[in-house]
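*Asks:* Would you mind keeping the following structure in view while I ask a few things?
The values are calculated or read from the model by the stated rules, or taken from the named source; none is laboratory data. Remember, predicted model here, so these are calculated numbers, not experimental data. Cβ coordinates were reconstructed from backbone atoms using ideal geometry, including for glycine residues, and neighbour counts include every protein chain displayed.
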Amino acid sequence: MLDVKTYNNPIKVTWCPGCGDYGILNAVKSALAQLEIHPHEVLFFSGIGCGSKLPDYMNANAFTTIHGRSLPIAMGAKLANPALHVICITGDGDGYGIGGNHFINILRRNPHIVHIAENNMVYGLTKGQYAPTSERGFVTSTTPEGSIEIAFNPLTTAINGGATMVARGFSGDPKHLAKLIMAAIQHHGYSLVDVLQPCVIYNKVNTYDYYRERVYKLEEAGHDPTNRDAAMARAHEWGEKIPIGIFYQVSGEPTYEDQVPALKAGPVATRPLAPLGAQQADALRREFF
Amino acid sequence: MAKHVNDMTIRLAGEAGQGVESGGAGFAQALSHGGLWLHNFSEYMSRIRGGLNFFQIRVSDHPLWSHTEGVHILVAFSPDAVTDYGPHIVRGGALLFDDTLKFDHDAVTRRGTQLYGMPLAKIAQDIGGNKIMMNTCALGALAGIVEYPFEFVADVIKKNFARKGDEVVQGNLKVAEEGYRVGREKYAAPFDWKVAPLAARPDRMLINGNQALSVGAIAAGCRFMAGYPMTPASSILEFMASHAKKYDIVVKQTEDEIAAICGVIGAGYAGARAMTATSGGGFSLMAEALGLAGMAEVPIVIVEAQRPGPSTGMPTKTEQGDLLFALFASQGEFPRIVLAPGTQEECFHTAVRAFNLAEKWQCPVIIMTDFYLTTMMRPLLPSELPIEKVTIDRGELLTPEELDRLPGPYLRYKDTPTGISPRALPGHAKAVHQACSDEHDEYGHFEDEDSANRLRMAGKRMRKFHNIVEDLRGPTIYGPERAELTLMGWGSSYGAMREAVDLLNARGTRANLLHFVDIWPFPDAKAAPLIEAARELVAVESNQTGQFAHLVRAMTGRRADRLVLRWDGRPMSPEYILTKLEEAKVHA
């Protein structure tokens, strides 16, 4: 186990006191430390939103990108250098709203990428508008009469879309969350870790207490994560009881990068570059005679 | 006696699926093997079957740079081909067609066109056993009519059908031979244009713009390509996909163009030479991420194969209407490089340069082409595609050994005199760093919008912009110095301008040409003296507003005296330029 402080950096954290993102940051650091992944061996991508600042608060490779686009950027990096651990941090608006098209498409590609979605069911950074995951009736500055839409369910979408690992954590239980993140990093394929993350300023409904009263752990409830139908049923549960843990995980599926011929000889990103030899050059020219 | 030898234009036209493209390309090969100089281009509609496509071959005994208006023989496989392209046939020219094709014969002959009907399908069926060979029959007939030796056609048939087996080869050969015999017997005498092989027949390649760009990218060590199909850029994605395995390239078709450029940014950041190719609509979707590459200083290459806009516009026609958009797309100010090759050779070299410039200056490089250039094809000698001799310059990229010796912490965005911050790839213990779309400090961390930091970092980035221009080239000059008339253009209109200059000089007007490949940052110091020296400056562009002329005026203060603009979706031609100049009474 590495010292968790390995991942500390001197940057001042700007999240609100009590923000659910602190728990996620601690869980991420703890998972990396327990798996002994050094800061240079991991590459974080994030978009825009409160939670997307997370990689900036860590000593690790990171690329803070633009709103909604971290998944395809992470995909490009993973395909260029599969040797790196790639972790994508999105919010709910970032990952499921503006980035929704990328979300449903990465599910069926199965790259070895960990997708941690900080799901606070509200837009925090832009000061309190409703989000794709906001529950129907949720009152915000842009839904003064309450949201008319039903909430987006990332878990059923992910299971249905072909994800090979789907989990949900709670930022009020960082130890449990760290275990989920460790399992996700070790999972050979795409993994979604949706995190219930209270926003203490703009979400007065889905609070720490709200979740503490409702969450239960799937692994303590006899759930079999290899059973897709059972996983779907659990993913639909929301109300008096809210499950957390690994909903679905299938092993043995090849990753996208496993199946790309150009990657058989190792990462293309780190391969030396030199002009083609005379034979290869001739072969290329011969195509046009 | 034939009136014209080795100076004609052949057009094959028909529906998608009728073998217009493959037949045309095959005939062009047969001509090229006879040492002839060619200029080919094609148009295709966005249809899987039906529609109207053409493949055009201009043939000569000297190097050609452009197509010209007017067709000497049209081989029509569909009634629409006759209706739409019949009027392009010059007086005394001919229409070759299957004699069962239904169209208004009088309308064609009224224009002075000869009708060359032949039982193409019947010959194919009777001799080859399959009507599908009717285009082979037409190519045989065409060779017979222009009295081009059959052996060149036979060689191409043998080569191109070899993989389909001997039976197919023999069938096509017999059909072509009969087509040749009938065509020559019936129509060689009345047809005034002939093609004869030249004495010198070096091996030359026939390559179009998209192929030359793709070959350049492979030569430059492109290791990652992502794209979303869009006419006329799709064939780059297809070419790279078909060569991915052999040349170690990760090629990914994505869910949209946003994901395409984002994938390229991710791969470029991780250290792979990466590119995408699209047209204006897709480039519009890429605009936000383009700025990310600028801010985070990630080297990427984008090919923007233009077609007429706005919006969906004319998807299978040509235009140079996206220039100023490419120069200024995305919010804020950041360095980018815009290059616009005009020929196949320039497509190849520009692709190589684009990857080098992107890595040296750590910024996006946009290569502007257009529909015309993507399909335009000329013969090149192997030495004109020096694949194995390209220079690969990765700029200030720290090696693992240099990183090992790094005395202090690694600063990804180090403020330097050139503005270039030495790059390190993620994965090395001494190179742990952050990259960021927000304004950031030298480490790459967010700065809370601090004024001094902003000035420093924005200044660092723009210092690159001011230094890039030293690596860029001024315009190429063609024609005599001290001309009374100077044509000025960029990108694919090079050939039409060059031939227009030749025609003007032959007619006694001293004319020359300034052609720009390197457009942005505008190579002011190299270009301004040449532009200022022009007596009568004529901007030639395939767009409606004279975008490059605007740019030149903004950068040099010189206003073009005349604009020759074309925006009907058809490519610039030498005749079009001369006609517009005559209309403006610019030259004597």
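*Asks:* Select from segment B:330-358 the residues that are under 21 Å from B:Ile468 (Cβ atoms), in contact with an Asp or Glu (Cβ under 7 Å, 6 or more places away or on another chain) and in a helix (DSSP H, G or I) and list them in ascending order.
*Replies:* B:Asn356, B:Leu357
*Asks:* Restricting the search to segment B:422-453, which residues are at the interface with another protein chain (Cβ under 7 Å from one of its Cβ atoms) and assigned to a loop (DSSP other than H, G, I, E, B)?
*Replies:* Once the filter is applied, which keeps residues that are at the interface with another protein chain (Cβ under 7 Å from one of its Cβ atoms) and assigned to a loop (DSSP other than H, G, I, E, B), segment B:422-453 yields B:Leu425, B:Pro426, B:Gly427, B:His428, B:Val432, B:His433, B:Ser437, B:Asp438, B:His445.
*Asks:* Also, I was wondering about something else. Pick from segment B:394-421 the residues that are of a type in the set (A, V, I, L, M) and in a loop (DSSP other than H, G, I, E, B): which of them is surrounded by the most Cβ atoms within 10 Å (Cβ to Cβ)?
*Replies:* Start the filter on segment B:394-421 by keeping residues that are of a type in the set (A, V, I, L, M), which leaves B:397-398, B:403, B:406, B:411, B:420.
Add one more test, that the residue is in a loop (DSSP other than H, G, I, E, B), and what stays is B:398, B:406, B:411, B:420.
On the way: B:Leu398: 18, B:Leu406: 15, B:Leu411: 17, B:Ile420: 20.
Applying the filter and picking the extreme gives B:Ile420.
*Asks:* Could you list, ordered by first residue, the pairs with Cβ atoms under 6 Å in which the first is in segment B:133-147 and in a helix (DSSP H, G or I) and the second is modelled with pLDDT under 95, at least 6 apart or interchain?
*Replies:* B:Asn135/B:Gly19; B:Asn135/B:Gly23; B:Leu139/B:Gly23
*Asks:* For A:Phe45, are the conditions met, namely being more than 7 Å from every other protein chain (Cβ to nearest Cβ) and under 24 Å from A:Asn120 (Cβ atoms)?
*Replies:* So A:Phe45 fits the description; yes.
*Asks:* Which is more than 9 Å from every other protein chain (Cβ to nearest Cβ) and either in a strand (DSSP E or B) or without any contact (Cβ under 8 Å) to a residue 24 or more places away in the chain (or both), of A:Ile89, A:Ile37, A:Ile66?
*Replies:* Exactly one of A:Ile89, A:Ile37, A:Ile66 is more than 9 Å from every other protein chain (Cβ to nearest Cβ) and either in a strand (DSSP E or B) or without any contact (Cβ under 8 Å) to a residue 24 or more places away in the chain (or both), namely A:Ile89.
*Asks:* Has segment A:70-83 got at least one residue that is facing chain B (nearest Cβ under 10 Å), crowded, with 24+ Cβ neighbours inside 10 Å, in a strand (DSSP E or B) and touching a Phe, Trp or Tyr at 6+ places or on another chain (Cβ under 8 Å)?
*Replies:* no
*Asks:* Answer yes or no: is there a residue in segment A:93-102 that is within 8 Å of another protein chain (Cβ to nearest Cβ) and at pLDDT 95 or above.
*Replies:* Yes.
*Asks:* Can I ask one more? Among the residues of segment B:223-275, write down those that are more than 10 Å from chain A (Cβ to nearest Cβ) and not in a helix (DSSP H, G or I).
*Replies:* B:Met225, B:Gly227, B:Tyr228, B:Pro229, B:Met230, B:Thr231, B:Pro232, B:Ala233, B:Gln253, B:Met275
*Asks:* Okay, moving on. Report yes if some residue within segment A:132-142 is of a type in the set (A, V, I, L, M) and crowded, with 24+ Cβ neighbours inside 10 Å; otherwise report no.
*Replies:* Taking segment A:132-142 first, the residues of a type in the set (A, V, I, L, M) are A:139.
Within this subset, residues satisfying the condition of being crowded, with 24+ Cβ neighbours inside 10 Å are none.
Within segment A:132-142, not a single residue is of a type in the set (A, V, I, L, M) and crowded, with 24+ Cβ neighbours inside 10 Å.
*Asks:* Checking the structure you have, find out if any residue of segment A:128-150 is within 28 Å of B:Asp441 (Cβ to Cβ) and either facing chain B (nearest Cβ under 9 Å) or in a loop (DSSP other than H, G, I, E, B) (or both).
*Replies:* There is no residue in segment A:128-150 that is within 28 Å of B:Asp441 (Cβ to Cβ) and either facing chain B (nearest Cβ under 9 Å) or in a loop (DSSP other than H, G, I, E, B) (or both).
*Asks:* Of all strands (runs of 3 or more DSSP E) completely enclosed by segment B:1-112, which ones contain at least 3 residues that are under 29 Å from B:Leu381 (Cβ atoms)?
*Replies:* B:7-16, B:37-43, B:50-60, B:71-76
*Asks:* Tally up the residues in segment A:84-105 that are among the charged types (D, E, K, R) and touching a Phe, Trp or Tyr at 6+ places or on another chain (Cβ under 9 Å), please.
*Replies:* Looking only at that region, the number is 1.
*Asks:* If the Cβ limit is 7 Å and pairs must be 6+ apart or interchain, which residue in segment A:227-252 that is modelled with pLDDT of 95 or more pairs with which residue that is in a helix (DSSP H, G or I) and surrounded by fewer than 16 Cβ atoms within 10 Å (Cβ to Cβ)?
*Replies:* Close Cβ pairs (under 7 Å, with a partner that is in a helix (DSSP H, G or I) and surrounded by fewer than 16 Cβ atoms within 10 Å (Cβ to Cβ)) amount to A:Gly245/A:Glu219; A:Tyr248/A:Arg228.
A quick yes/no check of all residues on (1) touching a residue at least 40 places away in the same chain (Cβ under 8 Å); (2) farther than 30 Å from B:Glu470 by Cβ; (3) more than 20 Å from the chain's Cα centre (by Cα); (4) part of a helix (DSSP H, G or I):
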position	(1), (2), (3), (4)
B:Leu514	no, no, no, no
B:Lys526	yes, no, yes, yes
B:Arg535	yes, no, yes, no
B:Arg553	no, no, yes, yes
B:Leu563	no, yes, yes, no
B:Gly569	yes, yes, no, no
B:Lys580	no, yes, yes, yes
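*Asks:* So, in segment B:185-204, exactly how many residues are more than 14 Å from chain A (Cβ to nearest Cβ) and surrounded by 20 or more Cβ atoms within 10 Å (Cβ to Cβ)?
*Replies:* Number of matching residues: 4.
*Asks:* Still on this structure, I have one more. Here's a check for you: in segment B:328-361, which residue that is closer than 23 Å to B:Leu373 by Cα and of a type in the set (S, T, N, Q) is surrounded by the most Cβ atoms within 10 Å (Cβ to Cβ)?
*Replies:* Among residues in segment B:328-361 that are closer than 23 Å to B:Leu373 by Cα and of a type in the set (S, T, N, Q), the one surrounded by the most Cβ atoms within 10 Å (Cβ to Cβ) is B:Gln344.
*Asks:* I would also like to ask the following. From B:Ile132, B:Ile89, B:Ile127, grab the single residue that is modelled with pLDDT under 95 and either surrounded by 19 or more Cβ atoms within 10 Å (Cβ to Cβ) or closer than 18 Å to B:Gly171 by Cβ (or both).
*Replies:* Details: B:Ile89 fails: modelled with pLDDT under 95; B:Ile127 fails: modelled with pLDDT under 95.
Just a single option satisfies the conditions, and that option is B:Ile132.
*Asks:* Of all residues in segment B:335-391, which are within 27 Å of B:Leu292 (Cβ to Cβ) and touching a His at 6+ places or on another chain (Cβ under 8 Å)?
*Replies:* Of everything in segment B:335-391, just one residue is within 27 Å of B:Leu292 (Cβ to Cβ) and touching a His at 6+ places or on another chain (Cβ under 8 Å), namely B:Pro341.
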